[in-house]
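Inspection log for the structure reproduced underneath, given as structure tokens.
Just so it is clear, none of the values below were taken in a lab; they were calculated from the coordinates. Not measured: the values here are computed from a predicted model. Don't worry about glycine lacking a Cβ; one is built from the backbone with ideal geometry, like all the others, and counts go over all protein chains shown.
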Amino acid sequence: RPVRVVLPPAIAKVNPFLRDQPYQKRTTTALWVEPPAPRAITKASLIAAVSAAFGVPAEKLIAKGMRRPIAWARFALVRLMREQLAWSYPQIARNVGFRDHTTVMHALRRAGELLQQDADWRWHFDIAQMRLGLSSETAL
């Protein structure tokens, strides 16, 4: 279904897609465009998006280290795995390198707290969601 995209007036005047249209359409500030086709979200795409958003190497996301930058990125990865892949706690634990499902439960709890309380973490989480093509409810 097409969506309406509003253009700034300066761009609307020189929009090459509207060159052959009457003048009143050339100066419009909105277009109807087809949204991009949704991409399949996989474990690899989640790791790549979180890695890029948080600036943590992908191999460290699934390793055993628990330094704060790595742990915070891993919290985001766990939350996205649970939301987007609908994996069980034990399945997430096996794929992220956690000991067991209780570590995943703790990571999800911490991710929820950080989403509510830490604007910096929320910003990085939103960037990861945008890289995946997801709309973010918490966009700043």
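Tabulated data for the structure shown
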read-out	value
Spin-label model distance (nm) - GLU83 vs MET66, 7 Å beyond Cα toward Cβ	2.5
Reciprocal of mean inverse Cα separation for the range 44-113 (Kirkwood radius, Å)	11.6
